[in-house]
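Notes follow the structure.
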2 protein chains.
Amino acid sequence: MLKNTAGLRIAFQGDHYAFSEIAAKKYFQNEIVTQPCQSFEQVFSAVKQKKTELGIIPIENTSMGSIHRNYDLLLEDGIQIVGEVNLAIELHLIAKPGVSFSQLHSIYSHPAALEQCRQFINRHSHIEFISSYDTAGSVKWVAGQSRPDVAAIASREAAIDYGMNILIPDIEDFQENITRFLIIAAHQLELGAPNKTSIVFATKHIPGALFKSLSVFFLRDINLLKIESRPLRGKPWQYIFYLDFEGDLHQPNCQNALNHLEEIAQFVKVLGSY
Amino acid sequence: MLKNTAGLRIAFQGDHYAFSEIAAKKYFQNEIVTQPCQSFEQVFSAVKQKKTELGIIPIENTSMGSIHRNYDLLLEDGIQIVGEVNLAIELHLIAKPGVSFSQLHSIYSHPAALEQCRQFINRHSHIEFISSYDTAGSVKWVAGQSRPDVAAIASREAAIDYGMNILIPDIEDFQENITRFLIIAAHQLELGAPNKTSIVFATKHIPGALFKSLSVFFLRDINLLKIESRPLRGKPWQYIFYLDFEGDLHQPNCQNALNHLEEIAQFVKVLGSY
């Protein structure tokens with residue numbers, strides 16, 4: 001059954017018009033109340049402590065890969081993935097109306113956004129690129145300054161909302177720059193008909209462990225949608241795996257595959273069906 | 001046969017005492033001539049154009065994951081992986097002798113280093129954290145300033161070399177912060193007895209494609225050391241895979257596995273045995 005989401009609260013990292021908030025509004029078609037947080041840890045805390053019903057976090061980006069610190073936070077108890085949304089990240093250079101590029105001395109943005117504009121940064125070595133805790137927060141800060149030598153890198157939405165001007169659009173290194181966001185909740189919550197399940201598992205240190213682990217899905221015709229190994233901290237030659245597969249835990253073949261995987265793996269944690 | 005590496009030149013991204021250079025010196029025990037470059041692209045160009053015999057690039061980090069843009073550069077022709085080295089990345093706050101933390105207004109470092117010190121940055125919101133093209137280059141720049149309000153985040157080696165003071169050691173978010181670096185060359189070059197091979201492959205869009213692909217290794221008792229899927233640009237539901245396995249291409253079972261994989265996969269590219 002689909003839940004009526006109107007009026008639900010969702011925590012996100014950053015200021016209003018951060019990409020996480022834009023992704024949340026895309027997913028829920030604006031019917032939701034957004035709650036800014038300083039850090040990913042605070043987003044998880046808000047959800048666990050029931051300050052908000054939902055949270056949204058970035059989990060991977062086409063040019064930067066998986067965000068391991070959010071996978072680490074997902075491994076803690078009391079959090080379920082209940083939805084996902086992809087958003088094309090277009091990064092724009094934003095300044096006050098009337099300011100020209102040649103006036104700029106300092107450009108502010110989130111370090112991940114700066115990392116995605118490295119070619120632009122390298123071409124303009126006379127400008128200082130300054131890390132801030134959020135893309136949209138930088139626009140808000142620049143809007144409040146009387147100096148004409150500052151700008152920010154952020155979303156079009158942030159530029160519009162703060163009455164700012166896009167000096168140079170699309171300054172990201174790669175045109176196809178997509179971030180996948182996860183919606184999280186403290187309990188299983190069906191936002192839509194689930195068709196995907198995310199798990200994390202560790203194999204035992206035995207020959208062919210990964211092959212045996214994957215066979216539980218392939219032998220049941222379950223499609224894999226993502227796989228990634230990650231070395232286990234402080235345990236050489238041991239790995240954990242992030243795995244997304246098609247289907248949800250109400251389907252007997254998926255439940256059987258997971259039961260089978262538990263026979264083989266050192267641990268299995270279901271992050272959610274969505 | 002092991003190559004005598006004394007006097008070989010190696011290109012790296014950053015200024016002297018960047019982590020890439022420290023990793024190169026760790027691997028070659030200081031017997032090598034290092035060549036700073038502004039960007040990863042320039043490291044690859046230096047190697048392809050024979051300006052240096054070798055290059056070194058970061059490829060993955062325990063907290064930040066795989067560096068996809070370097071995988072993209074490895075996919076281009078004319079580059080082989082010939083070695084690897086892991087380095088613990090310890091990030092220190094570095095200022096001129098006599099400068100105290102309370103004097104600081106601006107701290108400079110590479111955006112990836114800033115990303116790894118996010119908790120430290122969040123705790124000190126009155127300080128500006130400014131992106132630079134390199135960690136060690138920031139120390140060099142700070143060393144040349146007469147202002148007492150600037151500092152850098154970089155390696156211990158950079159602090160020592162520029163006669164600077166470590167104000168606060170180990171400010172990275174996670175203690176186990178290890179980066180894996182690859183040594184690259186224009187041709188196969190045995191720096192040591194090879195025991196690992198890296199490949200990239202794409203599966204055909206058929207059921208069980210990944211399982212069939214992995215079976216070519218498991219059926220020959222070849223251990224996998226890394227696997228990661230990445231969506232193919234502009235091709236929904238299609239993936240490329242990064243795979244590292246134990247063994248080298250001189251071993252018949254590894255060569256047979258690759259021949260078998262070529263029957264199944266859409267494309268296979270060997271990045272190198274090392």
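The values are calculated or read from the model by the stated rules, or taken from the named source; none is laboratory data. Quantities reported herein were computed from a predicted structural model and do not represent experimental measurements. Note that we place each Cβ from the backbone using ideal geometry, even for glycine, and neighbour counts take in every protein chain shown. Protein only, heavy atoms only, side chains kept; ligands, DNA and RNA dropped before computing areas. Shrake-Rupley method; radii C 1.70, N 1.55, O 1.52, S 1.80 Å.
Please compute, for peptide A:105-111, the average count of beta-carbon atoms on other protein chains lying within 10 Å of each residue's beta-carbon. Please list the in-between numbers first.
Numbers: counts 0, 3, 2, 2, 2, 4, 13.
Across A:105-111, the average partner-chain Cβ count within 10 Å equals 4.
What accessible area per residue, rounded to a whole number of Å², is obtained for segment A:1-125 using a probe radius of 1.4 Å? Mind showing how you got there, number by number?
Numbers: 4980 Å² over 125 residues.
On a per-residue basis, segment A:1-125 sits at 40 Å².
Work the Kirkwood hydrodynamic radius out for segment A:24-83: mean of 1/r over every pair of different alpha-carbon atoms, inverted, in Å. Walk me through the numbers on the way to the answer.
Numbers: mean 1/r = 0.0796 Å⁻¹.
Hydrodynamic radius (Kirkwood, Cα pairs) of segment A:24-83 is 12.6 Å.
Would you mind estimating how fast segment A:65-197 diffuses translationally, via Stokes-Einstein at 37 °C and 0.692 mPa s with the Kirkwood radius over Cα pairs, in µm²/s?
On the way: Rh = 16.5 Å.
Rounded to a whole number, D works out at 199 µm²/s.
Taking all pairs of different Cα atoms in segment A:1-138, averaging 1/r and flipping that mean, what Kirkwood radius in angstroms comes out?
Numbers: mean 1/r = 0.0605 Å⁻¹.
Across segment A:1-138, the inverse of the average 1/r is 16.5 Å.
Work through the residues other than B:Ile22 whose Cβ is under 13 Å from its Cβ and net out their charges, Lys, Arg +1 and Asp, Glu -1.
On the way: positive: B:Lys25, B:Lys26, B:Arg156; negative: B:Asp15, B:Glu21, B:Glu90, B:Asp134, B:Glu157, B:Asp161.
In short, -3.
Once you mark the trypsin sites (Lys or Arg not before Pro) that are in a DSSP loop and have at most 14 other Cβ atoms within 10 Å, what is the longest gap between them in chain B?
Working: sites that count: B:Lys3, B:Lys50, B:Lys51, B:Lys204, B:Arg233.
Answer - B:52-203.
Using the alpha-carbon atoms, what tilt in degrees (0 to 90, nearest 10) does helix A:252-264 show relative to the longest principal axis of chain A?
On a 0 to 90 degree scale, this one is about 80.
Roughly speaking, to the nearest percent, how much of segment B:1-112's 1.4 Å accessible area is carbon and sulfur?
On the way: 2230 of 4440 Å².
Accessible surface attributable to carbon and sulfur in segment B:1-112 totals 50 percent.
Which value results when the Cα radius of gyration for segment A:163-218 is divided by 2.2 N^0.38 Å?
On the way: Rg = 20.5 Å, N = 56, 2.2 N^0.38 = 10.2 Å.
For segment A:163-218, the normalised Cα radius of gyration is 2.01.
So how long is each side of chain A along the principal axes, counting just the alpha-carbon atoms, biggest first, in Å?
Each principal axis gives a Cα extent; for chain A these are 65, 43, 29 Å.
What does the net charge come to around B:Gly65 if you take all other residues with beta carbon closer than 9 Å to its beta carbon, with K and R at +1 and D and E at -1? Mind dumping the intermediate values first?
Details: positive: A:Arg230; negative: A:Glu60, A:Glu228, B:Glu60, B:Glu228.
Overall, the nearby charge balance is -3.
Ignore the peptide's own chain and count Cβ atoms of other chains within 10 Å of each Cβ in B:124-130; give me the average, rounded. Before the final figure, lay out the partial values.
On the way: counts 0, 3, 0, 0, 6, 5, 8.
Counting other chains' Cβ atoms within 10 Å and averaging over B:124-130 gives 3.
If exposed GluC sites (Glu not before Pro) are those in a DSSP loop with at most 16 other Cβ within 10 Å, what is the longest stretch of chain B that has none?
Working: sites that count: B:Glu31, B:Glu76, B:Glu90, B:Glu176, B:Glu190.
It runs B:91-175.
From the phi of every residue in segment A:29-42, what ³J(HN,Hα) in whole Hz does the Karplus formula 6.51 cos²θ - 1.76 cosθ + 1.60 yield, where θ is phi - 60° and glycine or proline is x?
6, 6, 8, 10, 9, 9, 10, x, 9, 6, 9, 4, 4, 5
Once you place label points 7 Å from the Cα toward the Cβ at B:Glu176 and A:Val270, how far apart are they in nm?
The modelled label-to-label distance comes out at 2.8 nm.
Based on the alpha carbon coordinates of segment B:78-140, what radius of gyration and maximum Cα-Cα distance (Dmax) apply, in Å?
When restricted to the Cα atoms of segment B:78-140, Rg and Dmax are 14.9, 50 Å.
List the distances, in nm to one decimal, from the label point of A:His187 to the label points of the same position in every other copy, shortest first, placing each label point 7 Å from Cα along the Cα-to-Cβ direction.
The projected label point of A:His187 is separated from its counterparts by 6.8 nm.
Would you grab the residues whose amide H sits under 5 Å from the one on A:Tyr239? Only those 5+ places off in sequence or on another chain, please, with H modelled 1.01 Å from N.
A:Thr203, A:Leu232
Non-local amide H neighbours of B:Glu53 (under 5 Å, H modeled in plane, Pro and chain starts lacking H): which ones?
B:Arg9
Nearest 500 deg cm²/dmol is fine: what mean residue ellipticity at 222 nm does the protein assembly as shown get from its DSSP H runs of n ≥ 4 alone, each adding -39,500 (n - 2.57), divided by its residue count?
Working: 18 runs with 152 residues, N = 548.
Helices in the protein assembly as shown give a 222 nm mean residue ellipticity of -7500 deg cm²/dmol.
Pairwise over distinct Cα atoms, reciprocal of the mean inverse distance: report the Kirkwood radius of the protein assembly as shown in Å, one decimal place.
Values: mean 1/r = 0.0404 Å⁻¹.
When all Cα pairs of the protein assembly as shown are included, the Kirkwood radius is 24.7 Å.
What number comes out for the charge environment of A:Val142, summing +1 per Lys or Arg and -1 per Asp or Glu over other residues with Cβ under 11 Å away? Working shown, then result.
On the way: positive: A:Lys96, A:Lys140, A:Arg147; negative: A:Asp149.
Combined, the nearby Lys, Arg, Asp and Glu give +2.
Calculate how steeply helix A:19-28 sits against the longest principal axis of the alpha-carbon atoms of chain A, using the helix alpha-carbon long axis, and give the answer as 0 to 90 degrees to the nearest 10.
On a 0 to 90 degree scale, this one is about 60.
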